[in-house]
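Colleague: Below you'll find the structure I mean.
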Amino acid sequence: MSGARVLHVFKYFRPRFTGEGIFVERLAPIFGALRPDVIHDVVATATSSPGNLAAPQGLGTVHYLAARGREASQGTVIAWLIRNAHRYGTIHYHTHVDRTFLASLYLRLSGARVLLSATLDDSVPGILKTYRPMFRPLVRTLIKTISRFIAISEKLFDENRRFVPGRKSELLPIGVVIPELFLEARRHSRARLGLAPDTLVLVCVGGICERKNQLFLVQQLPSLLRRHGDLVLLLVGPVLDDSYKARIDALIADQGLGKQVRFTGYADAPWEFYSAADIMAFASQQEGFGTVVIEAMAYGLPIVARHLPGVNDMFVEHGRSGYLFDCPDQFQQHVSDLAASPQLRKTMGGAGRAYVTAHHDISTIAARYLSLYGYPAQGNAA
């Protein structure tokens, strides 16, 4: 068994949109700087090979197990993991693909570390719900084959702790690159995007789908526009649900909001949109964490986000770095307060950036992952 290889296991990976996969791509060059002797490979079980697409920077080999667009069977996944077990010191399941736990058992017996992440609704109780009741006692036993459970939010961490001893549970939030901010960046970004200097710009980043709830944001625009006539909403992200996008398009047409709402499509690096914006608006109804919110905070944006207890109240301090809302009236009031006061936007944005810098720097998060993998950081990510 090699002591210098980590395998990251996903269902979906490039070119298919996946938030956890994108996070690992951003971690990879940091891993390389901190431990250049450790190779990080990827295996994807539900994404077919894209052909000649090169592995993202910092990653080793990306293995695609799906064939002709069909997710690899349990037999294929287990056989591949067992066949390649000797190559890896650590296997990190970023999603629950080994539903029989046979591969996990073999990996542990071979001496490997086996980690399992909870990132949305896949904490231990969430996983148990995906099995028939008669099998759940057995699954609770088999799940002990996992060496360490990682949760990215307090909510998921608390759920894991109901079933997993404290020594096996980790709360490890998402990290982001802390950008340098330049006075001219906003002006240049707005010029490239065709936005007027004085327009109030709201940005929302995420795949266009019902869970992310961009429709809610568009529904609030008519009332906001009556108070703040020069307002634009940027919706940054790929369309994940065509029928949902059609509902938003119909509302835009009905309310005459064609000039106020802009769909930008997917952006690997949405930095320019953060630079151009005044407020980050986020109405998602379910998140494991909400990476785009701390990304926006790193760019000095105040936040107006739907309150998700145990998730975004980890990092958005209501009234200090932004606002958390529970209903439309609250959302409109918070946006209006920020729209009316550039100084309030600056103060809240500064508080949010300071918090993210102190708690979510990607270099610090990468070092913590490397320690869990058994390869403590030795280099410098700078």
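Colleague: Return the pair list, or none, for Cβ contacts closer than 8 Å from residues in the stretch 139-152 that are hydroxyl-bearing (Ser, Thr, Tyr) and surrounded by 18 or more Cβ atoms within 10 Å (Cβ to Cβ) to residues that are in a loop (DSSP other than H, G, I, E, B) and at pLDDT 95 or above, at least 6 apart or on different chains.
Modeller: That search, which allows pairs on different chains as well, returns Thr145/Phe101.
Colleague: Output yes when any residue across the stretch 290-309 is assigned by TED's automatic domain parsing to the domain that holds Gln214, out of contact with any Lys or Arg (no Cβ under 7 Å at 6 or more places or on another chain) and at positive phi, and no when none is.
Modeller: yes
Colleague: Can Val236 be described as within 17 Å of Phe331 (Cβ to Cβ), assigned by TED's automatic domain parsing to the domain that holds Asp329 and not polar (S, T, N, Q)?
Modeller: Against the criterion (within 17 Å of Phe331 (Cβ to Cβ), assigned by TED's automatic domain parsing to the domain that holds Asp329 and not polar (S, T, N, Q)), Val236 does not qualify.
Colleague: Applying the selection to the stretch 316-331, what residues are among the hydroxyl-bearing types (Ser, Thr, Tyr) and either surrounded by fewer than 13 Cβ atoms within 10 Å (Cβ to Cβ) or part of a loop (DSSP other than H, G, I, E, B) (or both)?
Modeller: Ser321 - this is the single residue of the stretch 316-331 that is among the hydroxyl-bearing types (Ser, Thr, Tyr) and either surrounded by fewer than 13 Cβ atoms within 10 Å (Cβ to Cβ) or part of a loop (DSSP other than H, G, I, E, B) (or both).
Colleague: Follow-up. Of the residues Arg167, Arg99, Arg140, which single one is outside the structural domain of Gln286 (by TED's automatic domain parsing), part of a loop (DSSP other than H, G, I, E, B), more than 30 Å from Tyr274 (Cβ to Cβ) and of a type in the set (D, E, K, R)?
Modeller: Criteria check complete, one pass: Arg99.
Colleague: Filtering the stretch 1-49 down to residues that are charged (D, E, K, R) and part of a helix (DSSP H, G or I), which residue is surrounded by the fewest Cβ atoms within 10 Å (Cβ to Cβ)?
Modeller: So, considering only residues that are charged (D, E, K, R) and part of a helix (DSSP H, G or I), the one surrounded by the fewest Cβ atoms within 10 Å (Cβ to Cβ) is Glu25.
Colleague: For Val203, are the conditions met, namely being modelled with pLDDT of 95 or more, β-branched (Val, Ile, Thr), within 23 Å of Gly19 (Cβ to Cβ) and buried (at least 16 other Cβ atoms within 10 Å of the Cβ)?
Modeller: So Val203 fits the description; yes.
Colleague: Here are the criteria: (1) among the small types (Gly, Ala, Ser); (2) farther than 20 Å from Leu107 by Cβ; (3) in contact with a His (Cβ under 7 Å, 6 or more places away or on another chain). Tell me which single one Gly60 does not satisfy.
Modeller: Every listed condition holds for Gly60 apart from (2).
The values are calculated or read from the model by the stated rules, or taken from the named source; none is laboratory data. Bear in mind the structure is a predicted one, so any value in this text is a computation, not a measurement. A quick note on method: Cβ atoms are made from the backbone with ideal geometry, for glycine too, and the neighbour counts reach across all protein chains shown.
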